[in-house]
Amino acid sequence: MIFNDALLADFQDKILADQEDLVVGPMLRVLVDLDESQSSDGCRLRLLIARCLLTLKRVDDAYEVLEPLFPPGPQDGELLLLFVETLSLLGEIDVAESWLQPLLQLQLPDIELLRTLSVWSMCAEKADLCRRYLNQLGEAPGGQFFMMLVGADLLAAEGDHAGVLKFLENQPRSVACRRRYVLRYAEALQEALRESDAWNLLSQASDIFGCEGLIRKGLIELARQPFQLDYAFDLLEEVSVHDRNDVFYHQQGLLHLYRRDWRQAETCFARASQPLAQSSVSEESFFLLVEVLRIQSRYHQARQLILDRLSLCPDNPSLQFAIAQDDLSSHQWRHGWRGYESRVSMQQRIFAMGLRPNWSGESLAGKRVLVVAEQGLGDSVMVASQLFGLDECNANWLFLCFPRLKPLFVRTFGSERIASDLDASLIHSFDCIIGINSLPGLFGFGPPQRQNPCPPYLVASQSDQDVWAQRLSIECAHPFRVGFAWFGGGESLNRMKRSMELRDFLPLFRVGRVSWVSLQYGGAEVDSQISEFSREHQIQTVVFPGVATDLDGQAALCQSLDLVISVDQTVVHLAGAVGTPVWVLLPTAAEWRYGHKGESMPWYSTMRLFRQQVAMDWSDPVEQAAQALNSLIHGC
C-alpha cells in the first residue's frame, strides 16, 4: 500500500470505529515499506500506530514504534503525550513524571491531557489523584469514553474485579454501544472468572460488529463447552488455506487443548512456534507446547525442548526462567535459584509499582533494603518465611507488599516493616531493591540446607479467630470443620489445569461427620452456586459471604478450622503459613513449588499433596483424599 492522505484517512476512520485491532497490522506493514526520508508521513503514521497499540495494551510494541522519535521536542505535544503514557505503563514512573511539567505548559486538548495524566497517576499508584483526573475527564465533552477505559483499568489494578463490572455496567448508552466498550467488558468478565458470560457477550457482539479481530480471537480462546468449541472450529475452517499462518495454528492448538486432545494440540503449537517465526504468538505457542508435554508428564521432553530453544536464543530471559522453574521442580536448588533471577529481565510487569530490583547477588548485611512484592499473592505468602533471614543478617528492611496482605503481614512483622505504597523519594533512599522471590536463593533455601519444612510463620488475628470459632459453633452441625475451594485463577490454561467442577468434590462431601466451610472466592455468584449444589445433593455447606476477599480474615478462619482441602490457589498458602493442616489437590503439571512427585513440599510443615495420575482427571486425588479423610474422622 502507498501511504497518502486517503490511506491515512481510512486508518483514522477505522480507529474512530474502535477497530484498532483490525487496523494496526496493516499500518505496521505500511510503516515497514515507508521511505522514512518522508519524515512527516513517517512521524504521523508512528503516532497513529502507537496510540492504537497503547489502546490494545501492547506497550512494548508502542515503545518500539515511538523510539525513533524520542526524545520529543518541548513543543511536540502529541508525542509528549504518548511518551509520558508509554513510560508510565512501562513502570518508568519517575522518568514520565519529569516530562509532565513541559507537557502542562502546552495548550493541549483537555481530553488528551487528562487521559495521559490519569494513566500516569494510575501507574504511579496515586489512586485519589487519578480519580480526580477521571472526574474531570468524564465532564469534558467527549471524554466519557476515555474515562471508562482508564477507570476500569484503575479498579482492575486495585484488584476490585466486582467493582470493574459494576463500573462498566453503569456506563451511559453512548459509551456502552461502542465496540471497544464491549471488548473491555468481556475482558472484565474474564478477570472475574465469568468466562461463559464473556463468550456470550462476544457472540452477541459478533452479530453487531462482525466476527473479526479481538472479537473472533476472544470467541476462540473462550470456547470451553462442546457447542462453543464446535462454533470456534467452524470459525477456523472459514480461514482459507493460503491465510493459515502462525496465529491460525496457535488458535487451533488452543481448541485442541480445550478438547484435551494433547497430540493434536502438540502438533499445532509446534507448527506455530517455529524458531524463526516472527508472529506475536510464536513464543506463546512455544510455552504452550512445553506445557502440553508437561500435562502428559513428559517432563524430560519438555525440558529438552526448552534447552534446544535456549541454544538458539541464549539471552532469552523467558527461556532461562523456564529452565530455572524446571530445576526447582526437580529440587536442583542452587541452579534453580540462580536461574530464577532471569525473571527480573522479563518483559512482564511482575513487580509492585513497576519497580525493577537492582540486587545483583551481594550480601544485604547491614544495608537498607526495600523488598518488593511480585507475581501473585500466593508467591508473597509462600516466600514470606524468608523475610526473617533479613533480621538475621542485620539488614534494615521494608517490604512493599500487596494491599490485601498488609494487615496480616503487619501483625507478623510489625508496622515499621510493611508498607503497601511508598513515595518515590523514599524508594531512592534504599541501598538495594530486591524482589521477595530472590530471598530463598540469597539464603540458600531448600534441602539439604533445610532438612525440615518451614514451621508456621504468619500470625492470624486472635480476636478474629475467637469470632470465627463462635460463628462456626453456631453454623456447623459437626465438630470437625473442613474448609474447601475448588477452582483457581490465573491465565486461561493455568485456570483450566488447576480447577475442577464442584461435583468433582462429591466423594469428599460424602464423608460423614464433617462440616464443610467454603473458602472459595468468586462473590455472590459462587456462593449461590454452592447453595444450589448443596440443596441438590443434600450436603450441608457453610458460606460466609465476602470472606475470600479479606485475606486477613480468611487466614484467621483457616486457623479456626481443623483442615483445608483445596486445589492450588492462594488459600492453601494462607492455611500452610498459619499452620492449619492443608491438603492440596494437584494437576499432573503442578507449579514448580510442588515438585514433580511426593506428598510434601519444603515450604509448609502442615501440607499434604494429592496428585492426578491422569491429565485433567480429578478422580484419583479426590478419592485418595476422601479415603484419608474418612480414616482421619473415623479412626480406621
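The values are calculated or read from the model by the stated rules, or taken from the named source; none is laboratory data. What you see is a predicted model, and the numbers here were worked out from it, not measured in a lab. Glycine gets a Cβ as well: all are built from the backbone with ideal geometry, and neighbour counts include every protein chain shown. Keep in mind that these areas ignore ligands, DNA and RNA; they rest on the heavy atoms of the full protein, side chains included. Shrake-Rupley method; radii C 1.70, N 1.55, O 1.52, S 1.80 Å.
In the list 626, 577, which residue meets the criterion of being part of a helix (DSSP H, G or I) and closer than 30 Å to residue 384 by Cα?
Just a single option satisfies the conditions, and that option is 577.
Take the conditions (1) under 24 Å from residue 340 (Cα atoms); (2) assigned to a helix (DSSP H, G or I); (3) open to solvent by less than 60 Å² (accessible area, probe 1.4 Å); residue 364 misses just one of them, which is (2). In segment 282-322, of all residues being among the acidic types (Asp, Glu) and in a helix (DSSP H, G or I), the one that is nearest to residue 339 (Cα to Cα) corresponds to 308. Considering only residues in segment 489-519 that are in a loop (DSSP other than H, G, I, E, B) and touching a Gly at 6+ places or on another chain (Cβ under 9 Å), the one that is modelled with the lowest pLDDT turns out to be 490.
The single condition among (1) out of contact with any helix residue (DSSP H, G or I) (no Cβ under 6 Å at 6 or more places or on another chain); (2) surrounded by fewer than 19 Cβ atoms within 10 Å (Cβ to Cβ); (3) among the aliphatic types (A, V, I, L, M) that residue 629 does not satisfy is (2). Screening residue 621 on (1) open to solvent by 20 Å² or more (accessible area, probe 1.4 Å); (2) under 26 Å from residue 224 (Cβ atoms); (3) not in a loop (DSSP other than H, G, I, E, B) shows it passes everything except condition (1). Check segment 393-415 and report whether any residue there is more than 30 Å from residue 556 (Cβ to Cβ) and touching a Leu at 6+ places or on another chain (Cβ under 7 Å). Yes, because at least one residue in segment 393-415 is more than 30 Å from residue 556 (Cβ to Cβ) and touching a Leu at 6+ places or on another chain (Cβ under 7 Å). With respect to the stated conditions, residue 378 is on the phi < 0 side of the Ramachandran plot, outside any strand (DSSP E or B) and touching a residue at least 60 places away in the same chain (Cβ under 8 Å). A residue that is within 30 Å of residue 126 (Cα to Cα), open to solvent by less than 20 Å² (accessible area, probe 1.4 Å) and either touching a strand residue (DSSP E or B) at 6+ places or on another chain (Cβ under 8 Å) or of a type in the set (Phe, Trp, Tyr) (or both) occurs somewhere in segment 321-344.
Scanning segment 323-333 for residues that are part of a helix (DSSP H, G or I) and in contact (Cβ under 8 Å) with a residue 40 or more places away in the chain returns 325, 326, 328, 329, 333.
Let's see how each residue does on (1) open to solvent by 30 Å² or more (accessible area, probe 1.4 Å); (2) modelled with pLDDT under 90; (3) out of contact with any helix residue (DSSP H, G or I) (no Cβ under 7 Å at 6 or more places or on another chain):
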{"site": "24", "(1), (2), (3)": "no, no, no"}
{"site": "28", "(1), (2), (3)": "yes, no, no"}
{"site": "51", "(1), (2), (3)": "yes, no, no"}
{"site": "64", "(1), (2), (3)": "yes, no, yes"}
{"site": "72", "(1), (2), (3)": "no, yes, no"}
{"site": "111", "(1), (2), (3)": "yes, no, no"}
{"site": "123", "(1), (2), (3)": "no, yes, no"}
{"site": "130", "(1), (2), (3)": "no, no, no"}
{"site": "134", "(1), (2), (3)": "no, no, no"}
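The set of residues in segment 387-435 that are farther than 27 Å from residue 337 by Cα and assigned to a loop (DSSP other than H, G, I, E, B) comprises 414, 421, 422, 423, 429. In segment 215-231, which residues are acidic (Asp, Glu) and either exposed (fewer than 15 other Cβ atoms within 10 Å of the Cβ) or not in a helix (DSSP H, G or I) (or both)? Selection gives 230 alone.
Over 22 Å from the mean Cα position of the chain (by Cα), under 30 Å from residue 331 (Cβ atoms) and surrounded by fewer than 18 Cβ atoms within 10 Å (Cβ to Cβ): does that describe residue 444? Spelling it out, residue 444 is indeed over 22 Å from the mean Cα position of the chain (by Cα), under 30 Å from residue 331 (Cβ atoms) and surrounded by fewer than 18 Cβ atoms within 10 Å (Cβ to Cβ). Screening 297, 285, 206 for residues that are without any contact (Cβ under 8 Å) to a residue 24 or more places away in the chain, out of contact with any Cys (no Cβ under 7 Å at 6 or more places or on another chain) and not hydrophobic (A, V, I, L, M, F, W, C) leaves exactly one candidate, 206.
Hey, does segment 486-495 have a residue that's buried (at least 21 other Cβ atoms within 10 Å of the Cβ) and under 22 Å from residue 570 (Cβ atoms)?
Yes: one or more hits.
Out of 472, 442, one residue alone is touching a residue at least 12 places away in the same chain (Cβ under 8 Å), hydrophobic (A, V, I, L, M, F, W, C) and within 26 Å of residue 603 (Cβ to Cβ). It is 442.
Within segment 390-414, if we keep just the residues that are without any contact (Cβ under 8 Å) to a residue 60 or more places away in the chain and open to solvent by less than 10 Å² (accessible area, probe 1.4 Å), the residue that is farthest from the chain's Cα centre (by Cα) turns out to be 395. Within segment 532-562, restricting attention to residues that are among the β-branched types (Val, Ile, Thr) and over 15 Å from residue 404 (Cβ atoms), the residue that is least open to solvent (accessible area, probe 1.4 Å) is 542. In segment 234-255, the qualifying residues are those that are over 13 Å from residue 221 (Cβ atoms) and part of a helix (DSSP H, G or I), and the one that is most open to solvent (accessible area, probe 1.4 Å) is 242. Being modelled with pLDDT under 95, part of a loop (DSSP other than H, G, I, E, B) and among the polar types (S, T, N, Q) is not true of residue 101. Among residues belonging to segment 590-618 that are part of a strand (DSSP E or B) and open to solvent by 20 Å² or more (accessible area, probe 1.4 Å), point out the one that is farthest from residue 578 (Cα to Cα). Ranking the qualifying residues of segment 590-618, first place goes to 611.
Pairs linking a residue in segment 242-260 that is touching a residue at least 12 places away in the same chain (Cβ under 8 Å) and among the basic types (Lys, Arg) to a residue that is open to solvent by less than 30 Å² (accessible area, probe 1.4 Å) and assigned to a helix (DSSP H, G or I), with Cβ atoms under 8 Å and 6 or more positions apart or on different chains, are 259/229.
Close contacts from segment 415-426, counting a first residue that is more than 16 Å from residue 404 (Cβ to Cβ) and a second that is aliphatic (A, V, I, L, M) and not in a loop (DSSP other than H, G, I, E, B), with Cβ to Cβ under 7 Å and a gap of 6+ residues or different chains, come to 417/398; 422/400; 424/93. Of the residues making up segment 167-212, those that are surrounded by fewer than 20 Cβ atoms within 10 Å (Cβ to Cβ) and among the hydroxyl-bearing types (Ser, Thr, Tyr) are 174, 196, 203, 206. For the structure I just gave you, tell me whether residue 97 is open to solvent by 60 Å² or more (accessible area, probe 1.4 Å) and free of Cβ contacts under 8 Å to residues at least 12 places away in the same chain. Criteria not met by residue 97.
Which of the following residues is touching a residue at least 40 places away in the same chain (Cβ under 8 Å), open to solvent by 50 Å² or more (accessible area, probe 1.4 Å) and farther than 29 Å from residue 284 by Cα: 503, 510, 481?
On inspection, the qualifying residue turns out to be 510.
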